[in-house]
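For reference, the structure is listed below as structure tokens.
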Amino acid sequence: MPSILSPGSDEEKNHLDVSPNSAEVFRSGKFLTMDSKNPRASVVACLNGYITYVGDDFKEALATLPQEAAVVDLKGRNVIPGLIDSHAHILHEGLKLSQLDLRGQGHDDVLEAVFEETKVRPKGEWIHGRGWDQTLWEGHKWPTRQELDKVSPDHPVVLDRTDNHSIWVNTLALEKANVNKNTKTPQAGEIGRQSDGSPSGVLIGKAIFLVYQAMPVYDGHQFDVLFQRSLKEMNGFGLTTVVDCATRAHQYPQIEEAVAKGAVKTRLKLYMTAEPWDDEFLSVGPRRNLYGGRLSVDGLKLFSDGSLGSRSAWLEQDYADQPGHRGGHSYSDEALEEVLIKARDLGFQVAIHVIGDAAIAQAVKIMAKVLGVEKTNRNWRLEHYQLAGEKDREMVSGMGLIPSIQSVGIMTDLRMLEDRLGPERSLRSYAWREIIDWGGYVINGSDCPVESPNPFLGIYAAITRQNLNWRPNGGFTVQNCLSRLEAIASYTIWPAMAAFEEKRLGTITVGKFCDFAVLDRDILTCPERAIAATRVVVTVIGGELLRSSPD
Ligand SMILES: [Zn+2]
């Protein structure tokens, strides 16, 4: 009988190569099914990717299978349903894994990393890094292009801020992108300027695309490599379904081809970017349950505002640390209404990026106009849902809109939350618990590459509202903490419901896909802090065992 406890030997690897078109029994597991009718089990049987038995009787499990079954001994390991990341950027996570990683680095360390990179690349080649954060640096000042010019005069450099809403570039990158004194500031964007009017080297919001457009695009092969690298990392964290937020229509054929030939194991759900509107692709409407439940086009992704870190989130009142400034937004009421009507009539779900209270208020107002104020079953989503006004929070709940949260982000955001919003407003942030108290639910994700796709960091943050150093003491506005089971639900059954997939995903239940994650600990009973360090021993998708380590 194969064991999954000691990976490595060739013999075991062969045993574990169970074809998805086969019969298996997983025994001696501690299954937390997340199915309230049958919450615990030790034996699960699977036929051709679907669960045929959940219980405690090995013989009964075998009896549900018409053919000889492979038996996998889970040796008492804890098992939870396959995890669902409801908001990821798969390609960009893949790019991140191949870019300079500047997260958590000091100002001079960033410059040093760029300098080192110039030594290993031919002159003229673009250097792309990500993850810097000026709020970690002394004085919290925005950086300048001249600082980068000193370490990289001959390589164009683009460094994405940690929130992906600002970039820091050198002069050569600006020249290649033709951004100069005379460049007009785009709507919902900002070009940092120096006293002579020339660009400072920081571009915010929509202005970042002025430079992105000048960068070389990856070819088809590189796309495949990046996409697969990213999904492999996510499988290693127990993720079995991933929602890609803002897929471009021109990327679809390539994604579909990879799924069709079986190269993608993860179940992919796509939210297509609505800007620019690609009529040829979108006029067909959603495409659900393709390739045996491996691919679907569920909805449309819209961007309303920016981020708090970049002060581009759209607020009802001024930023506490920038009087007179309230961020920006992409849509007039009329323009938003027009695109939401199109989405509604085509049957798409909508996911709209809204962080500030003014952005949430506008989205709720226009969604109410387009869908009505009564509870709907459209499952339209509010992405990030960071700072909502009181009236809007009740509307969200009453209309059945779904907050799509990234609890992992609270660990980084708390550093600047109070600076941006002041003490009183910041306490209104991340109001998750009340949605559940009002009978609704939240769905969780990582927004990777903004944050790590590791859902155990998200579960830890959702239940503690603290960073990994246990700050703030006792947790941030603890009345909004989720329980452990709720935090797990936000990655399993709730996103399945939000995607109209509760009959196939989200719990370990007979008839559903055999998707689960085998863990190295019991996340219901281990110390809270230990949850963040959970390792996934093996991830199973459609009965197929994927061995992949997060490292
Ligand atoms: Zn995102």
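Odds and ends about this structure:
- Using alpha-carbon coordinates, inclination of helix 107-120 to the longest axis of the chain, degrees: 80
- Partner aspartates and glutamates whose Cα lies under 12 Å from the Cα of Lys119, excluding those fewer than 8 positions away in the same chain, are identified as Asp154.
- Listed by chain and number, the lysines whose C-alpha is less than 27 Å from the C-alpha of Lys232, apart from same-chain residues fewer than 8 away, are Lys13, Lys30, Lys75, Lys96, Lys261, Lys265, Lys269, Lys301, Lys503, Lys512.
- The packing ranking, built from the mean of other Cβ atoms within 10 Å per residue, places the peptides 280-286, 153-159, 453-459 in the order 453-459, 153-159, 280-286, highest first.
- Lys184 paired with His250, simple spin-label distance in nm, labels 7 Å along Cα-to-beta-carbon: 2.3
- Of the beta bridges in the stretch 99-212, as assigned by DSSP with both residues counted there, near 60 percent are antiparallel.
- Entry note, the chain: relative contact order of 17 percent, from Cα contacts under 8 Å with a spacing of 6+ residues.
- Model label points for Lys37 and Arg547, set 7 angstrom from Cα along the Cα-to-Cβ axis, are 3.6 nm apart.
- Nearest-ten-degree value, helix 357-371 long axis tilted from longest Cα axis of the chain: 60
- Whole-Å distance, taken between Cα centres, linking the stretch 372-445 and the stretch 223-261: 27
- Chain lengthening between Lys261 and Asp57 when straightened (0.36 nm per residue, less Cα-Cα): 69.8 nm
- Segment Glu390..Glu337, full-extension length gain: 16.8 nm, with 0.36 nm per residue of separation and the alpha-carbon distance subtracted.
- Among Leu102, Pro186, Asn164 the positive-end extreme of the charge dipole of the stretch 99-212 (Cβ point charges): Pro186
- Cα centre as origin, Lys/Arg/Asp/Glu Cβ charges: the stretch 99-212 dipole, Debye: 480
- The chain - share of DSSP beta bridges that are antiparallel (%, nearest 5): 45
- Using alpha-carbon coordinates, inclination of helix 390-399 to the longest axis of the chain, degrees: 40
- Dipole magnitude of the chain about its Cα centre (Cβ charges: Lys, Arg +1; Asp, Glu -1), debye to nearest 20: 540
- Spatial offset of the stretch 299-362 relative to the stretch 42-56 amounts to 44 Å, using the alpha carbon center of each.
- You can think of it this way: the chain between Asp219 and Lys123 has 32.5 nm of extra reach, that is 0.36 nm per residue less the Cα-Cα gap.
- Those lysines that a straight Cα-Cα span of less than 19 Å connects to Lys375, excepting residues fewer than 8 apart in one chain: Lys365, Lys391
- In the chain, a dipole from Cβ-located charges (positive for Lys and Arg, negative for Asp and Glu) runs towards its positive end, and of Gln466, Gly220, Gly55 it is Gly55 whose Cα lies farthest in that direction.
- Disulfide-incompatible cysteines by the Cβ rule (no partner under 4.7 Å) in the chain: Cys245, Cys448, Cys481, Cys526
- All alpha carbon pair distances within the stretch 142-197 were sorted into 10 Å bins beginning at 0; the resulting P(r) in whole percents reads 22, 57, 21, 1.
- Dividing the C-alpha radius of gyration of the stretch 99-212 by 2.2 N^0.38 Å, with N its residue count, gives 0.98.
- Taking every alpha-carbon pair under 8 Å whose residues sit at least 6 apart, the stretch 99-212 reaches a relative contact order of 22 percent.
- The orientation-averaged projection of the convex hull spanning the C-alpha atoms of the chain amounts to 25.5 square nanometres.
- Over the chain, DSSP H runs of length four or greater, each weighted -39,500 (n - 2.57), average out per residue to a 222 nm ellipticity of -8500 deg cm²/dmol.
- Along the axis of the charge dipole computed for the chain (Cβ charges of +1 for Lys and Arg, -1 for Asp and Glu, origin at the Cα centre), the listed residues Gln146, Trp494, Leu427 are led at the positive end by Trp494.
Read-outs throughout are calculated quantities, based only on the coordinates presented, and are distinct from any laboratory measurement. Note that the structure is a prediction, hence the values are computed from the model and not measured. Neighbour counts are summed over all protein chains in view; Cβ atoms, including those assigned to glycine, are modelled from backbone coordinates with ideal geometry.
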